[in-house]
Amino acid sequence: MKRSPKPDWLRIKIPSGDDLFKLKRDLNSRNLHTICQDARCPNQGECWNKNHATFLILGNVCSRNCGFCSVNSGVCEEPDINEPEKIVEMAKIMKLKYVVITSVTRDDLPDGGSLHYKNILVKLRKEFPELRIEVLIPDFKGVFSDVETVLSGKPDVLNHNIETVRKLYKNVNRREENYDISLSVLKYSRSKGFITKSGIMVGMGETREQLKELFSDLLENGVEILTIGQYLQPTPDNVEVIEYIHPDTFKKLKDMGESMGFKAVESGPFVRSSYNASSLFEKVSSRL
């Protein structure tokens, strides 16, 4: 089916410039990936200019094949044991103040890659004591010992995206039961005292009542920060966009989330999990 044309509010200038291209060369020379590039994030230039970045660790091939995602799926490579040092190098080059560490899902690894996460966190903490670190983790199949391994690296924020409402979960994430697994991961992380965060996409056919139910589920499981963005179909093979949500509606969703009890909400057509991550963290941490 032919994709609907994007409305004017979803048109954005592609970032460019010598500094941006140099950073891309530095990343490529170290075989490092950023979700900014691999997931085609529209905010790449803005975030990099603010000294923020989101590194995609454990390779750029995912062991799952979710309907919404543009990251490649298939046979995964062995983790790069030198990746922690490479990320430290890039953090120095980019003069990072806030970093998000995320990964493809690695169901092929016994621990889901959790120890690799921890090794990177420990290395960053040692080299940059003032650096704020957020982890955006997969669900680790709901294995709390793997989640605990990541948390032992002492991130400032634990982020895990639930993506969409329960009714659409099977179509988007292939397995309906992953919805409750995601909630359990968030609840466990909050129970350990960590700032918790989750993100969703809209425009896939969800209703306002379903979103309200989702917000309640997240709040009941300890989530404090919520990000809401427009789903954009990355390729014709991915789940179709049902609706392009108007910016005014995003504002209403933000108001609804805040009135229901989230401590910080970022909502807009171009919002992604890591967008304004530092500001959201500061807003919540100042209330602790």
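The values are calculated or read from the model by the stated rules, or taken from the named source; none is laboratory data. Source: prediction; values computed, not measured. Positions of Cβ are backbone-derived with ideal geometry, glycine not excepted, and every protein chain shown enters the neighbour counts.
Of note:
- Test for Val122: is it at negative phi, of a type in the set (Val, Ile, Thr), touching a residue at least 24 places away in the same chain (Cβ under 8 Å) and touching a Pro at 6+ places or on another chain (Cβ under 9 Å): yes
- Filtered by the rule that a residue be assigned to a loop (DSSP other than H, G, I, E, B), in contact with a strand residue (DSSP E or B) (Cβ under 9 Å, 6 or more places away or on another chain) and not aliphatic (A, V, I, L, M), segment 131-152 gives a lone residue, Pro138.
- All positions within segment 207-230 that are outside any loop (DSSP other than H, G, I, E, B) and closer than 17 Å to Ser189 by Cα: Asp217, Leu218, Leu219, Glu220, Ile225, Leu226
Here is a yes/no grid of residues against (1) assigned to a loop (DSSP other than H, G, I, E, B); (2) at pLDDT 90 or above; (3) surrounded by 14 or more Cβ atoms within 10 Å (Cβ to Cβ); (4) among the aliphatic types (A, V, I, L, M):
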residue	(1), (2), (3), (4)
Leu232	yes, no, yes, yes
Glu240	yes, no, yes, no
Glu243	yes, yes, yes, no
Ser267	no, yes, yes, no
Ser273	yes, no, yes, no
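- Taken as a whole, the condition of being assigned to a loop (DSSP other than H, G, I, E, B) and at pLDDT below 95 does not apply to Leu168.
- Restricting attention to segment 253-263, the residues that are surrounded by fewer than 22 Cβ atoms within 10 Å (Cβ to Cβ), closer than 19 Å to Arg190 by Cα and either out of contact with any Asp or Glu (no Cβ under 7 Å at 6 or more places or on another chain) or among the acidic types (Asp, Glu) (or both) add up to 3.
- Residue selected from segment 187-203 under the condition of a type outside the set (Val, Ile, Thr) and farther than 18 Å from Ser285 by Cβ, by the criterion nearest to the chain's Cα centre (by Cα): Gly199
- Inside segment 105-128, residues that are under 25 Å from Leu280 (Cβ atoms) and either at pLDDT below 95 or in a strand (DSSP E or B) (or both) make up a count of 1.
- Any pair with Cβ under 6 angstrom, 6 or more apart, that starts in segment 78-104 at a residue that is part of a helix (DSSP H, G or I) and charged (D, E, K, R) and ends at one that is surrounded by fewer than 21 Cβ atoms within 10 Å (Cβ to Cβ) and at pLDDT below 90: Lys86/Arg30; Lys86/Leu32
- Across segment 173-198, the number of residues qualifying as in a helix (DSSP H, G or I) and closer than 21 Å to Thr54 by Cβ comes to 5.
- Taken over segment 110-148, residues that are more than 25 Å from Gly199 (Cα to Cα) and among the hydrophobic types (A, V, I, L, M, F, W, C) amount to 2.
- Some residue of segment 101-117 being crowded, with 16+ Cβ neighbours inside 10 Å and under 20 Å from Val223 (Cα atoms): yes
- Cys36 meets each of the listed conditions (1) within 21 Å of Leu121 (Cα to Cα); (2) at pLDDT 60 or above apart from (2).
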